[in-house]
Amino acid sequence: MVFAEELGAAGFRDVSVERLDHAAHFASLDAMWTSFSRSSAPIGLFRSRMGTEWPSAAAAIVDALRTRFGEGPQRVPMPAWLGFGRR
């Protein structure tokens, strides 16, 4: 795994990497989009670059999400990898 290799290259020994599974739960697709559109830096950057075209782009994104995932409760897996090592 690249993460473990990078830790080793940085001088860490006895390196291990563990996966931590977490999921975000939302009451609806609209709640998920509202959260992501307010807290995701890439979406914020996209919004600022789109200017006045953002509302129609956002509506198209939400329509695509709704088609793929439905309107009801949403569960979004968000795994994280934790690296451990000694120096």
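Taking the listed residues 44, 83, the one that is touching a residue at least 60 places away in the same chain (Cβ under 8 Å) and either open to solvent by less than 80 Å² (accessible area, probe 1.4 Å) or over 17 Å from residue 24 (Cβ atoms) (or both) is 83, with no other qualifying. Anything in the range 57-73 that is free of Cβ contacts under 8 Å to residues at least 40 places away in the same chain and either of a type in the set (D, E, K, R) or over 14 Å from residue 37 (Cα atoms) (or both)? List them, or say none. 63, 64, 66, 67, 68 - these are the residues of the range 57-73 that are free of Cβ contacts under 8 Å to residues at least 40 places away in the same chain and either of a type in the set (D, E, K, R) or over 14 Å from residue 37 (Cα atoms) (or both). Scanning the range 57-80 for residues that are touching a Ser or Thr at 6+ places or on another chain (Cβ under 9 Å) and open to solvent by 50 Å² or more (accessible area, probe 1.4 Å) yields 61, 71, 73. Scanning the range 1-14 for residues that are over 12 Å from residue 81 (Cβ atoms) and outside any helix (DSSP H, G or I) yields a total of 5.
Scanning the range 11-41 for residues being out of contact with any strand residue (DSSP E or B) (no Cβ under 7 Å at 6 or more places or on another chain) and touching a residue at least 60 places away in the same chain (Cβ under 8 Å) gives a total of 1.
The values are calculated or read from the model by the stated rules, or taken from the named source; none is laboratory data. Because the structure is a prediction, the values reported are computed rather than measured. Please note: Cβ atoms are built from the backbone with ideal geometry, for glycine as well, and neighbour counts cover all protein chains shown. The accessibility values were calculated without ligands, DNA or RNA, using every heavy atom of the protein model including side chains. Shrake-Rupley method; radii C 1.70, N 1.55, O 1.52, S 1.80 Å.
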